[in-house]
Each structure stands twice: as C-alpha cells, then as structure tokens.
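**Student:** Encoded as structure tokens, here's the structure I'll be asking about.
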Amino acid sequence: MNEPRLAIVHERFTEFGGSEAVIGEFVETWPHAEVFAPIVEPDGVRTPLKTVHDTWLSRAHAATGRRSHAPLLPFVPRALRRLPLRGRFDAVLISHHSFATQAVFATDAPTIVYVHSPARWAWDAEFRAQEAGGRAGQLALTALGRLARRAELRAAPHLTHVVANSHAVADRVQDWWGLPATVVNPPVQVEQFTPDTAIPREDFFLFAGRLVPYKRPDLAIRAAQRAGVRLVVLGDGRFRSQLDAIAGPETTFLGATSFDVLLDAYRRCNALLMPGIEDFGIVPVEAMACGTPVLAVGQGGALDTVRSGVTGAYVDHGSDEHVIEGMAAAMRAFDPTAYHPATIRDHAMSFSPSAFRTNIAETVAAVTHRS
C-alpha cells in the first residue's frame, strides 16, 4: 500500500516537549510527510524532522530576539488558515493545543486532529486563573482565551475526525466542541526507563516535572509534611519560590537535573506523586517503566495511565485540603510489598512509541479510506 500524501500541522516549534515528541512519531510513521508550523525555532526541531515549512511569524519571532512567542499568538490563526495545503495532500494531520485546527480552512482534504487538549486555559476559568500570573496576565489570557474559543468552535464542524490523547481530553472535546473523539494515548520513551533490582528502594516519595501551578507540586509538599515522610522534588519552574516558602525539612529540591539523576530517582523512590490533573501525564508512565508505583489524583490522564491496586493508587479529587489529606494518608499507609515491579513495567510498555505508531496509523488509514 502506498504511503498517503500527508501534511502534518503543528502550532509551533519553540521548545521540545511531549507534543513535539508526538510529531516525531508522526514523521517516523509517515517519512515522506511534509510538516508545517507558523512559528519555528531551530532548537525546537529535532530528529527525525528534517524540514519544517514555517510562515512570516518565524521571522517576526527572530526579529524580536525570540524572547517570547506569546505576543505573536493572536496572528497564529490567520497564518494557519493561509498554509499552502489545498490540492496537494490526501489528508492533513493536525496537532492541536489551541489554534492548530484553523488549518482545516487551508485544505480540501480530510483532516484528522490529534488533540493534546482543547485550549484548557481558554475554557476553564479556574485553570486560567492559576496560569495567568497576576492581573495583567489574567486580562491578556482572558482576551486570548476568547479568540481561542471562537477559533476552536469555528473549526469544529469542518473536522473529519478527532483523536484525543486521553479519555479526559475526549470528554473535553465532547463538552466544549460537541464532537466525539477516539482515544490514542501519546508515545512515551519507555525503553530508556528500566528497573534495576541491584538498586535498593529508599524511604522517600518523588515529585518530578515542571514546577508550574497546574501540576500542583504544592499539594505534594503539604501532603508530605502532614504524613511526616521524605519528599524529593525534581524539576524547576516559575512556581519554585512559592514552593520554597512552604517547604519544610522533609522536602529536598534537586532542581532541573540530568536524565541519569531522574532515572535513579525513579528507581529508588517508594512511589511517584501525581497531585495535579494532567491531560495525559508522561512522567507517571516513565516511573512505571522503572517498576515504580504512582499515587495520583483520580481524575484526568491518570485514569488512562494508572491501574488502581496494580500500578498505583488513586486519591479522591476534591478541595486542596481533601487532596492533601488523601495523599498524606496514602503515603502513611504505603506498602511497597503490595506492588510487583515487573507487572508495573509491563503495563507501562503499552504506551511505547511502536504501540502509538500502530494505533495512529490505523486511525488515519480508516479515515482516508472512507473519505
């Protein structure tokens, strides 16, 4: 079977993260696909990407010293609608965070949208307040949110098929866009995260990830204080100073560390804490690939990744106090003998890149064949 003529559209390549890893797997699946994005920085493009077609917004970004792409976001929808896609491709695969679905207006081919999430900061006022960072940020994000909501709702009726990266995101697509979505969980590089039975477990819990409000590292710190247990925090971010202010002697901050330090922490800790509500959550899958259980709030992407009683345990969602008490209780009662590292790792392997490539290829093939 011939490879379809496929265009891949991403919102921006300004740094490398989980959604850029998804684009890499798209290109591994369809090596001859052409990749488009309105804003591209050299450091944001990694192997296997060879060429990304950008727009004038990249040059504008470079002219301002690439300090921040945020001032350019209001211009992104129009740039996406003007991408040179029409008449050239059998299908367009769109990677969406907030504006990318506008590419549907640049093509007459079937469109498959892989949704990392609808613009959560646009639809969820509580989430927006956490992320805004002050009154000025709140006003700017509110205005941008109105633009993002209008853009998403304008594009929704024209999309051929929607794929969500978790069941939580599929629920948002249904609630906010009024569309059904199939679920294909994103790829995690589980092969490089392995258990090591020669390394003994130590009596501490781990929080790993960017120190930003929505990941709720503050809840992990307060829960460890209440439980009287050791907590190691890996990662850095703009929330760090606030966390320093509430942390006690039981909490150790290691900052942004190397892969080897992260791997060693996964292998040595009792369990990983996931106190925030993630769209999916790559970090817990990495930890489970090391045979490490996860204590997670039972909402969002954790429902896709953590199997309660097998690879970890859920803490009931609720107020901050409710989550702190629930996570503290789970840490106090934690019994490492209740979990089997080999079983946990086997579960993590179901999120491998090869599994993702198979699932997304089957989804795209089904759409193109019926269109």
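The values are calculated or read from the model by the stated rules, or taken from the named source; none is laboratory data. Given the structure is predicted, the values throughout are model-derived calculations rather than measurements. When we count neighbours, we look across all protein chains shown, and the Cβ atoms used for this are built from the backbone with ideal geometry, even at glycine.
**Student:** Quick check, is T292 in the same structural domain as I246 (by TED's automatic domain parsing) and in a loop (DSSP other than H, G, I, E, B)?
**Tutor:** Spelling it out, T292 is indeed in the same structural domain as I246 (by TED's automatic domain parsing) and in a loop (DSSP other than H, G, I, E, B).
**Student:** Just to be sure, is V76 assigned to a strand (DSSP E or B), closer than 23 Å to F105 by Cα and either in contact (Cβ under 8 Å) with a residue 24 or more places away in the chain or not assigned by TED's automatic domain parsing to the domain that holds V163 (or both)?
**Tutor:** Considered against the rule, which asks whether it is assigned to a strand (DSSP E or B), closer than 23 Å to F105 by Cα and either in contact (Cβ under 8 Å) with a residue 24 or more places away in the chain or not assigned by TED's automatic domain parsing to the domain that holds V163 (or both), V76 comes out as no.
**Student:** Restricted to the stretch 114-132, and to residues that are of a type outside the set (F, W, Y) and in contact with a Ser or Thr (Cβ under 6 Å, 6 or more places away or on another chain), which residue is nearest to A365 (Cα to Cα)?
**Tutor:** Checked the stretch 114-132; the qualifying residue nearest to A365 (Cα to Cα) is H116.
Results for (1) at pLDDT 95 or above; (2) touching a strand residue (DSSP E or B) at 6+ places or on another chain (Cβ under 8 Å); (3) in the same structural domain as G145 (by TED's automatic domain parsing), shown as yes or no for each residue.
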position: E41; (1), (2), (3): no, yes, yes
position: V45; (1), (2), (3): no, yes, yes
position: R67; (1), (2), (3): no, no, yes
position: P71; (1), (2), (3): no, no, yes
position: R82; (1), (2), (3): yes, no, yes
position: L85; (1), (2), (3): yes, yes, yes
position: S95; (1), (2), (3): yes, yes, yes
position: T111; (1), (2), (3): yes, yes, yes
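**Student:** Yes or no: the stretch 340-348 includes at least one residue that is modelled with pLDDT of 95 or more and among the hydroxyl-bearing types (S, T, Y).
**Tutor:** Yes, because at least one residue in the stretch 340-348 is modelled with pLDDT of 95 or more and among the hydroxyl-bearing types (S, T, Y).
**Student:** Identify, please: which residue in the stretch 1-23 is surrounded by fewer than 16 Cβ atoms within 10 Å (Cβ to Cβ) and touching a Gly at 6+ places or on another chain (Cβ under 8 Å) and is, among those, nearest to R67 (Cα to Cα)?
**Tutor:** Of everything passing the filter in the stretch 1-23, E15 is nearest to R67 (Cα to Cα).
**Student:** Could you list, in sequence order, the residues of the stretch 230-241 that are modelled with pLDDT of 95 or more and either assigned to a strand (DSSP E or B) or surrounded by fewer than 18 Cβ atoms within 10 Å (Cβ to Cβ) (or both)?
**Tutor:** L231, V232, V233, L234
**Student:** Which residue out of D203, D264 is more than 21 Å from the chain's Cα centre (by Cα), over 30 Å from A164 (Cβ atoms), outside any helix (DSSP H, G or I) and touching a residue at least 24 places away in the same chain (Cβ under 8 Å)?
**Tutor:** So the residue among D203, D264 that is more than 21 Å from the chain's Cα centre (by Cα), over 30 Å from A164 (Cβ atoms), outside any helix (DSSP H, G or I) and touching a residue at least 24 places away in the same chain (Cβ under 8 Å) is D203.
**Student:** Yes or no: D90 acidic (D, E) and surrounded by 14 or more Cβ atoms within 10 Å (Cβ to Cβ)?
**Tutor:** Yes; evaluated as a whole, the condition is true for this residue.
**Student:** Does P275 satisfy the condition of being at pLDDT 95 or above and either in the same structural domain as R172 (by TED's automatic domain parsing) or closer than 22 Å to I344 by Cβ (or both)?
**Tutor:** Spelling it out, P275 is indeed at pLDDT 95 or above and either in the same structural domain as R172 (by TED's automatic domain parsing) or closer than 22 Å to I344 by Cβ (or both).
**Student:** Give me the residue from the stretch 310-336 that is in a loop (DSSP other than H, G, I, E, B) and touching a residue at least 12 places away in the same chain (Cβ under 8 Å) and, out of that set, farthest from E202 (Cα to Cα).
**Tutor:** H317
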